[in-house]
Amino acid sequence: MSRAIEWILLGAGSCTAIIMGLRWHRPARVVPWLLLAGAIAALAIGDVFYAFDEMPTATGFYLAMFVLVTGSLLHFTQGGSVLVDRARLIDLLAFACSALLVVWVFVIGDNGIIGEISASDVIGSLLLVAVALRLNLAAPRNIAAMLLLLGSIGLLCGDVLYPMLRDEASETGYRVLYVSWGLAALHPSMVRLTQPMTPRTTNWRGHWAALLGVSVATPPTVLLIEALHGEVRDGVPIAIAGAITLTLTITRLADSVTLNSHALARERGLRSASAALVSAADVPAVDEAVRQAVAALMPGDAIRRLVFAPDDRQLATEQLPPAPAGRRPRSWWIEDPQPSPHEPAARARVGGFRGRGSRALVRRLGLSGTGLRRAVRARRSLRRLRRGIARLVRQLGLSGLVARVRRAAEWLGRRLAGSSTNSSAGRSGEESTLVCPLWLEPLAVARPSGGALVLTGRRDALAAAHDALEVLAGQAALALDRISLVEAVGRRDSDLYLRAVISNTADLMLVLDEDQRIRYASPALHDLLGDDKLSPLATLEDLVHPDDRGQIRRAFATGGDGTMFCALRRPDHSQALVEATYRDLREDRLVQGFVVTMHTVTDSQDPIDRLPHRDQLDELPAWINRRSAQHKFRY
C-alpha cells in the first residue's frame, strides 16, 4: 500500500509540475508537454496496479505510456521546432529498433538472468534515450532537454535493473523519471524546445530509403523465421517493434507528403503573384499584388500586420532597427516586439490607485454608512487577530521558525516573479517580425530608394514561408524597378519630343525634377546664356543671380503654379531679366516635375519701364530694386 501511495504522489506531482510549467512559461506548442504529462500519468497508474499485483492492467497502462511518450517526442521533433530536420532521425530510429529486435531474439533470448528483462521495454527505453540525446545535440546547454534525457536514462535503468534485482533500490530509475520530467517543464528553457524555426527539407536518397525499407521488413521476417523453427516465443517484442517501425515509417512519409504539399502551395502562390506583378502598372498595383500573395502563402490568422514600403522614406516611419552589419541580407528577424502603447498608461493607473491609500479604496468600492462601519470593524478584528497570533508565537518560542518561513516565502515569490518574466519572454517569442528588403543590386541605379516588406505575425508561420516571402520581395522589387525604368523611359521620350517640337522656337523652357535639377533646357536658353552645355547636376538656382535664389527656393518649396521675376547670369557676368511662369506637374505620370516657361525683358529700354506697375516691389529681383532706387535719386 505504501508503494502505491508513493507512485501516486510521484505521478501527481510530476503531472502538476508540467501543468504549472505550461501555465507559467506558455510555450509555442503545448501538445507535446500535455502528451508527456499523460504518459507520466499512465506510468503512475500502471505502477499502482503493479503494486496491487494487477499485471494485465498494469501492462496495458505501460503500453499506453509508451504510445503517449512516442507521440510527445514526435511533436517535439516536428518540423519547425528546435530539431529542424527529423527525417534522418526517424530513419535511424527505425533501423535501431529493428536491429535491437534481431539482437534480442537471436542473441540474448532467454539466456540466464538477462532473459527476464522485457525486450519491448528495453527497446522503447533505448529509443527514448536516442531521441532525447538528439534533442540535446540540437539544443546544447538546454536544461529542459538535459532533464528529459536524464528521465529517459532513468527509465532505461529501471527497465534493466528491476527485473534482475526486484528491490526498492532498483526502482530509483523510475523515481528519477518522475522528478526529472516534472522539473523539465518547470525550467524556463522548456520554451526553446518548441520554439518555431525554419524547417529544412532533405532530398530523398536511395540508401536512406533502402534502410527504411529493411527496417520495416525486419519484424515480419523475424516472426516468419520463428514460425518456421517451431514455437513463436517473442511474439510481443516482435509486435511492438513492428508497430514502432511502422509508425516511424508512416510519420516519415507523412512529413514528406506535407512538405511537398506546402511546397506546391507556395509555388502556386508565387506563380499567381508573378503574373500579377508583371501586369502591375504602378506602385498601388504592386502593393495589392503583394498583399494578395501573402494572403495566399500564409494562413489567415498568421499575419497581424503587413507593411509594404516601396522606399526608405516610408520605411523610416515604422521605426525599425537597422539591418545587420556586413553584407546586405535577403531578410532578417526582429525578435523584440514593440511594447503596447497602452501598457505605460495601465501601469500608471495601477500605480496611482495603489498610492492613494485606504480612502481611495473606500471611494472606489463605494462603501458608505453601514457597509463602511462593517469594513472598519472587520479591519480592527484582523488587527487584533494578527497581534494575538504574534503574541502566541513569541510565547511558544517560534519566532525564528516564522522568520525562516517568511524568508522562504519571499524567496519563492522572487523565483515565481522570475518565472513570470521568463514566461513573458516566451510569449514574446511566439510573435516576430520579418523584414525582406526590396533591393536588387544590379538595378540599384534605377530605384536607389530601397524599401522593404515587413510582416509581423506568428513565428512558426513566418518561418515556414520564409523562403517564399524572400522570393516574393525580390519579385516585388523587380516590378518596382521595371515601373521606375518605364517611367524614366517615358520621361526621356517626352523630353525628346518636346526638344524636337520647340527646337526652333524662341521660348525659354525648362523641365525640373522634384529636387529642382534641370532635366531639359530648350535651345533658346542656351543661346540666351551663351553656354552650349549645362552640367548634369545643374539646378535653376545655379543659373540665377544669388539675390534671387531665395524667392526661387520659396516658390518651389510651396508647390503649385505661379509667376516670378529673376535675373539669369551669363558666363561673362552680365545679366538677363526674365519673367518665369512655372507649373507644378509632379503628379503627371509623363512629367513628374516642374515646367518653367521664361520670357525675356528686352535690354533696349530700362527694365523698370518695361515692367507693369506693381504695388509690392518685393516680387521683383533685388538688383532691379537697387536700380530703381538709383533711378529715383539720379537728379
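The values are calculated or read from the model by the stated rules, or taken from the named source; none is laboratory data. None of the values given here were measured: they were computed from a predicted structure. Cβ placement follows ideal geometry from the backbone for every residue including glycine, while neighbour counts extend to all protein chains displayed. Keep in mind that these areas ignore ligands, DNA and RNA; they rest on the heavy atoms of the full protein, side chains included. Shrake-Rupley method; radii C 1.70, N 1.55, O 1.52, S 1.80 Å.
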- Based on what the data block shows, is ILE40 assigned to a helix (DSSP H, G or I) and open to solvent by less than 10 Å² (accessible area, probe 1.4 Å)? yes
- Task: Consider only pairs whose beta carbons are under 6 Å apart and that are at least six residues apart or on different chains; among these, list those whose first residue lies in the stretch 6-34 and is more than 14 Å from VAL191 (Cβ to Cβ) and open to solvent by less than 10 Å² (accessible area, probe 1.4 Å) and whose second residue is outside any helix (DSSP H, G or I) and of a type in the set (A, V, I, L, M).
- Result: none
- Query: Is one or more of the residues making up the stretch 191-202 in contact with a Phe, Trp or Tyr (Cβ under 9 Å, 6 or more places away or on another chain), assigned to a helix (DSSP H, G or I) and surrounded by fewer than 17 Cβ atoms within 10 Å (Cβ to Cβ)?
  - Reply: no
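Can you name every residue in the stretch 214-227 that is of a type outside the set (A, V, I, L, M, F, W, C) and open to solvent by 40 Å² or more (accessible area, probe 1.4 Å)? Step through it out loud before you land on a result.
Pass one, the stretch 214-227, residues of a type outside the set (A, V, I, L, M, F, W, C): 215, 218-221, 226.
Of everything in the stretch 214-227, those that are of a type outside the set (A, V, I, L, M, F, W, C) and open to solvent by 40 Å² or more (accessible area, probe 1.4 Å) turn out to be PRO220, THR221.
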- Would you mind telling me which numbered condition in (1) in a helix (DSSP H, G or I); (2) open to solvent by 60 Å² or more (accessible area, probe 1.4 Å) ALA144 fails? (2)
- Close pairs (6 angstrom Cβ cut-off, 6 or more residues apart or separate chains): of a type outside the set (Gly, Ala, Ser) in the stretch 222-233, open to solvent by less than 100 Å² (accessible area, probe 1.4 Å) and in a loop (DSSP other than H, G, I, E, B) anywhere: GLU226/VAL232
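This table checks each residue for (1) open to solvent by less than 20 Å² (accessible area, probe 1.4 Å); (2) on the phi < 0 side of the Ramachandran plot; (3) assigned to a helix (DSSP H, G or I).
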residue: ASP532; (1), (2), (3): no, yes, no
residue: ASP542; (1), (2), (3): no, yes, yes
residue: MET564; (1), (2), (3): yes, yes, no
residue: LEU568; (1), (2), (3): yes, yes, no
- Might you check whether a residue that is touching a Gly at 6+ places or on another chain (Cβ under 6 Å) and within 28 Å of LEU43 (Cβ to Cβ) occurs anywhere in the stretch 215-229? yes
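Look through ARG205, ARG175, ARG192 and report the one residue that is of a type in the set (Lys, Arg) and at pLDDT below 80.
On the way: ARG175 fails: at pLDDT below 80; ARG192 fails: at pLDDT below 80.
Being of a type in the set (Lys, Arg) and at pLDDT below 80 holds for just one of ARG205, ARG175, ARG192, which is ARG205.
Look at VAL107 and say whether it is closer than 23 Å to VAL236 by Cβ, out of contact with any strand residue (DSSP E or B) (no Cβ under 7 Å at 6 or more places or on another chain), modelled with pLDDT under 85 and surrounded by fewer than 20 Cβ atoms within 10 Å (Cβ to Cβ).
Values: closer than 23 Å to VAL236 by Cβ: yes; out of contact with any strand residue (DSSP E or B) (no Cβ under 7 Å at 6 or more places or on another chain): yes; modelled with pLDDT under 85: yes; surrounded by fewer than 20 Cβ atoms within 10 Å (Cβ to Cβ): yes.
Against the criterion (closer than 23 Å to VAL236 by Cβ, out of contact with any strand residue (DSSP E or B) (no Cβ under 7 Å at 6 or more places or on another chain), modelled with pLDDT under 85 and surrounded by fewer than 20 Cβ atoms within 10 Å (Cβ to Cβ)), VAL107 qualifies.
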- Message: Considering only residues that are under 20 Å from LEU577 (Cβ atoms), open to solvent by 40 Å² or more (accessible area, probe 1.4 Å) and part of a loop (DSSP other than H, G, I, E, B), which ones fall in the stretch 506-530?
- Response: ALA506, ASP507, GLY530
- Query: If we keep just the residues of the stretch 236-289 that are in a helix (DSSP H, G or I) and of a type in the set (Asp, Glu), which is surrounded by the fewest Cβ atoms within 10 Å (Cβ to Cβ)?
  - Reply: GLU267
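Restricting attention to the stretch 81-91, does a residue exist that is under 39 Å from the mean Cα position of the chain (by Cα), modelled with pLDDT of 80 or more and either surrounded by 16 or more Cβ atoms within 10 Å (Cβ to Cβ) or farther than 18 Å from LEU246 by Cα (or both)?
Kept after step one, since they are under 39 Å from the mean Cα position of the chain (by Cα), are these residues of the stretch 81-91: 81-91.
Of the ones still in play, those that are also modelled with pLDDT of 80 or more are 90-91.
Now narrow it down to the ones that are either surrounded by 16 or more Cβ atoms within 10 Å (Cβ to Cβ) or farther than 18 Å from LEU246 by Cα (or both): 90-91.
The answer is yes; a qualifying residue exists.
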- Message: Let me spell it out: the conditions are (1) of a type in the set (Val, Ile, Thr); (2) within 36 Å of the chain's Cα centre (by Cα); (3) at pLDDT 90 or above, and THR218 meets all of them except one. Which number is the exception?
- Response: (2)
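Is it true that ARG586 is modelled with pLDDT under 85, of a type in the set (D, E, K, R) and closer than 17 Å to ARG517 by Cα? Reasoning before the result, please.
Details: modelled with pLDDT under 85: yes; of a type in the set (D, E, K, R): yes; closer than 17 Å to ARG517 by Cα: yes.
The answer is yes for ARG586.
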- Cβ pairs under 9 Å, 6+ apart, first in the stretch 263-278 and farther than 10 Å from ALA296 by Cβ, second hydroxyl-bearing (Ser, Thr, Tyr) and surrounded by 13 or more Cβ atoms within 10 Å (Cβ to Cβ): ALA263/THR201
